[in-house]
Each structure stands twice: as C-alpha cells, then as structure tokens.
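Each reported figure results from applying straightforward, stated rules to the coordinates on display, with no laboratory input. Because the structure is predicted, anything quoted here is derived from the model rather than measured. Note that each Cβ is placed from the backbone with ideal geometry, even for glycine, and that neighbours are counted across all protein chains shown.
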Amino acid sequence: MKISPRSSAPGAVVAKIGRYTFLSVLLGFFALPMLWLASAPFNAHPTLNGSISSFTLHNFSVLLKDPYALPSLWNSLLLAGGTALLTVGFAAAAAYALSRVRVPGRDGILYALLLLSSIVTGTAAMVPLFQLAFKLHLIDSRLGVILVFTGGLLPAAIFILKDFTDNTPKSYEESARVFGASPFQIIRHIVLPMIRPGLATVTVWAVVNVWGNFLIPYILVRNPDKYPASVVLYTFYTEGGQPNLALISAFSLLYSIPVIVLYLFVSHRYGFRFHGGIKR
Amino acid sequence: MARTASPAAAEDPAGLGRARAAGIAAPALLVVLAFLVFPALWTLYLGTTNYRLTGHAARHPRSVGVDNYTTVVKDPAFHHSLWLTFEYVIGSAVLGQALLGFVIAWLLRDAGGRVKRVIEALVLLAWILPSSVVAFLWSALLDRDQGTFNALLHTQGTAWIVEHPMTVIIIFNIWRGTAFSMLLYSAALTGVPPTQLATARMFGANQWQQLRDVVFPHIRGHILTNLLLISLWTFNDFTPYQITGGADSRSQILPVYIYQTALFDGQMGLGAAIALLMLVINLVVALVYLRLLRDRRLERVA
C-alpha cells in the first residue's frame, strides 16, 4: 500500500519530466567524450569527431607496425606487475607481523604511515623523487619506477591487509603450531590462503594505479624504448606535428581494454560499490 | 569476530618472535622510508638551496637560506597559481563532484533496471579509464575545427581549451571524478531509515525538506569524509597538464606550476620551496581526515 497523495498532482508530472530531462542530459555529458573512443579506432579516416565514415581494422595494423606502441604496453605490464608483486609481498609480511606480534607503538606507526602516504603524493614530491632517482642512477630504470610506486602504495596496502589479518581467527595458527609447523610454514599454508581476498584486492588496486599513472614514469623515464603506455600516448605525432589519429585511437582503445575488463570482472563478481560506506 | 579472550595467549600464535617479526616487516618499512619519508624530508633541504637541473648550480649547489621561500611568497605568478588551484578544487571537487555525485545517487536511489545501470556504468568508466586516454578524449571533443562539441553547438572555430582553459579543466574534472562521490553517497543513502522518509512524506514534506530534515543529518559524516578526500585528490591532480600542456599560465594549478618551475625550467630549489607548501596543505587536510576516522572508529567500538 502506497500513501502518496501527491503523485497524481500536476506538480508530480512536472517533477517526473524534470527528472528524466536531467538524467538524459547527464547521460549525454558522460557519454559524449567517450563516443570517439568507440568509433575512431574503426574509422578509415579518423578525425577528431565521433562519426564513422567507413569501417576498418587498418588502424590496428598501423599500431602493430609502430616501434613503440606494443612495447609500451609490455612496459606498462612490467611496471604494474612488478609493483603489485612487491607491494603485496612486502605489505602482507609487514601486516602479519604488525597484526600478530606486539610491537611497541604499533598503532602509532600505522597511523603515521597512512598520514605520510596521503601527504607525500607524486605531485607534491616530484622534485625530491626525481633527485633521488637521479642520485641513485635510477633514471630510465624500471626498478626505480617500481620502487617509487611501491613506496607510495605500501602504507594503505599494509593497512588493508592488517584489517584482513586481524579478522581471521588465530586458532588455526595455534593448532598448526601444536603439530610442529614452523612459523614460515604457518604463514605460507595457513595465513596466506585465509587472507586471499585481501591479497586480490590489493593486487587489483596496485595494478590499476600503476597502469593509469602518467606523472611518475613521465619524470623518471627518458628513454622512449622504456616508456609505458601512459607516456607513449603523449608522443604519437605525425612528422607534420599533427596528432597521429589512426595510431592514437587504436592505441587508446587497446590500452583501455584491460581496465574495462578488470572493472567488468570485479563488478560481476563482487558488485562495484561500497557497502555501508568505505571502511578506511 | 572479536576474539578478546586471554590476550597474552592469543599474541603471536605462529611463534614468530619479535626478531623474525621485525625481519619480515623490514622490507616494507625500508621502501617506505626511502621513497616516502626521505623525499618529504629532502624537500625541506632542497628548498634552501639554489639547486638547478643543469649548469654550474647543478654540480655545486649552495645554500641560499630562506631566499627561495621569500621569492615564492612575493611572486605574483605563485599567488596566481594558488588562486587557480583554489578555484579548481572548490569548483570541480567541492561544488562539482560532490554535488553532482549526490544528485545522481539521490535520483537513482530506488530507480531500477537499465537507466540506473547505464548511467552508473558511464560515470564509473569516466573514473577508471587511464588519465592519458581521457585527456586525449577531451582534447578531441573540444578541438577547434573537428571537435564534436563545436559540431553540436555550431560554434566551429572556437578553441575552448585555449580560450577558457580553467573552465575546461574544471568541467573535465567533474566528469572525471564524480564516480567516487556517487558511490559513497549511494552507500550512505542505504543507511537512511526508509520509515523516517515515509513519515516525512506523509506529513507533506517536499523533497528539499526531506533532504534537509531526514537525509543530511544521517549522512553528515559521509559528506565530510567525501569532501576531504576529493579535495585532497583534486589538489594533487596532474591530469590537467595533459589537456592544457602546462605552458599556459592561465591554467597553471600548483602541481603544473611546480612541474614547470622545477623540471621544465630546471629551478629545482625554487620548485622544492613551492612543493613544501603543498606538503603542508596536504598534511592539514589529511590530519583532519584521520582525526575524523579515529573518532568514528572509537564511536563504533564504544
């Protein structure tokens, strides 16, 4: 039973029309910039507007022939994979130690770490980060970029994984210990499988962060052979200085697909929303 | 799953011991120390030198005391950049993303089916695509001669990015970041008791009265969290550089201004002095945010 005496009033009709008009405008606002990404890669004569004159896959063969396009995706993959691996590995170890062993001032340490990672962002620290990489001969080094990313992502990763570890019962570890398992066997065979959802969350989060980041590789990588996709996209110009639209459009799509697939996977599997507000 | 029984026995169930615990926590702490703590501290030192990227001062930097700081504080270009940053954060985050995010969450709160799914998917897509891609999408959209925007409005020949750079990056950032506010408010709205809303409606409260008297008191904490986080992110956002190219002083928000000063012009010392100010502003916002989190955690425990 619905008590809504106002729903049939003319005011309600106007409100409904207003609501749908607003939603249509909203739809246009968010869809309009993306039309180009869906159409230009398949346009035989790509221009900057989003119409298709004749369908083609030729732009993708241009992309295959470009000496920097595909290697840059490989570079992005190395950076994202390397960062995710280091972040998850280091963070899981630190989170377990901080969760199970009483370290003096542990909450203070975590608090300070989290504070630091929100303050020392890539933009605010680009000058010392560049300097540091320069002094350590880490300019043009993938390891340098990976370490800078890992440093920035670790505090939040430790925080998330500690939350997961805190919420797993200790009884399994205790019984394994009674049966004579070593601490490292316990961590490997009992703790890690139990916090697997946390590990997956941190991995996806780290990969997405690195995959899309422009600034850090832009300042730390000078050699075009080592550019990741985010930086290479910025260099696709024809000899006449015009943006090479065939290449840019096809490459943009290819570079975006992993993110879209990951999003579809996550939203299908877990539902892409916050439950009851964000946790941290 | 709170296991509070016998805390002494529950400590260290795997028998790791303090030394080994410190050992496995060490790699993480070392990386953070080297690439997060050290850069922050080094900014302090760099800001007091005349360090340059190239030339004599690159090899033999010397201390210039507080000269960089006095130069920066007096520099009208810096004041201008600070003002633009303020416009950018207030316009695109506080007014733009937060408001639009809430309106979408409110309008779609009990809408079902396709409309909701399509709108949410598009808003999220704008948020998750790589920044280099969305920057190019917007450059294409607003292009002077071939852009879709000019074609729709019949305003061919208007170079929006050149003529109105600030408006463009503000609207761009609303488009880019509304998803977070939308998600946060959607989650927050599920916590508003429907019976209270129904009661308010029964007594003839209009939409605005329902929002003011029922909804806002319930989600006040979420609003504050949201505003702090999106302000912090927007303040540290470098994406506008990819749309404007960074050279135009009319759209040099602080991150871009630092890049141009330190890495493009090579005045590292001066750039570090400006960066210090960014670090301080970040610190203030983050402190307020973490304070808030802690209070709410305590509330939940209590």
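Some observations on this one:
- The smallest convex shape that holds all Cα atoms of the stretch B:169-236, its convex hull, gives 88 Å³ per residue.
- Across the alpha-carbon set of the stretch B:185-287, the Rg to Rh ratio works out to 1.26, Rh being the Kirkwood radius.
- With both labels modelled 7 Å from their Cα along Cα-to-Cβ, the B:LEU44 to B:ARG59 distance reads 3.1 nm.
- Secondary-structure-derived ellipticity at 222 nm for chain A, considering helices only, amounts to -21500 deg cm²/dmol, per-run term -39500 (n - 2.57) for DSSP H runs with n ≥ 4.
- Overall form of the stretch B:77-301 per C-alpha gyration tensor (a/c, 1.5; a/b vs b/c): oblate
- Förster-model FRET efficiency, 60 Å R0, A:PHE184 and A:ASP225, C-beta, rounded to 0.05: 0.90
- Kyte-Doolittle mean at least -0.5, axial Cα span of 27 Å or more - DSSP H helices of chain B: B:165-189, B:216-235, B:268-301
- Shape descriptor for the protein assembly as shown: Rg over Rh equals 0.98 (Cα atoms; Rh from the Kirkwood inverse mean 1/r).
- In summary, the stretch A:61-188 shows an alpha-carbon radius of gyration equal to 1.39 times the 2.2 N^0.38 Å reference for compact globular proteins.
- Membrane-span-like helices in chain A, defined here as complete DSSP H runs extending at least 30 Å along the helix axis by their C-alpha atoms with mean Kyte-Doolittle hydropathy no lower than 0.5, are A:10-39, A:69-100, A:142-166, A:245-269; this is a sequence and geometry rule, not a statement about a membrane.
- Footprinting exposure proxy for B:LEU279, A:LEU48 (fewest neighbouring C-beta atoms within 10 Å first): B:LEU279, A:LEU48
- The slack between B:PHE86 and B:VAL280, meaning 0.36 nm per residue of separation minus the straight C-alpha distance, is 68.3 nm.
- Here the peptides A:155-168, B:16-29, A:13-26, A:243-256 are ranked by packing, the mean other Cβ count within 10 Å, and the order with the highest first is A:243-256, A:155-168, B:16-29, A:13-26.
- For B:THR49, the residues whose amide H sits under 5 Å from its own are B:VAL64, ignoring neighbours fewer than 5 places away on the same chain, with H placed 1.01 Å from N.
- Among B:TYR241, A:TYR270, the ranking by other beta carbons within 10 Å of each residue's beta carbon, starting with the fewest, stands as A:TYR270, B:TYR241.
- Tensor-based shape of chain A (alpha-carbon gyration tensor, a/c under 1.5 rounded, otherwise prolate or oblate): oblate
- Rounded to the nearest 500, the helix-only mean residue ellipticity at 222 nm of chain B stands at -20500 deg cm²/dmol, with each DSSP H run of n ≥ 4 adding -39,500 (n - 2.57).
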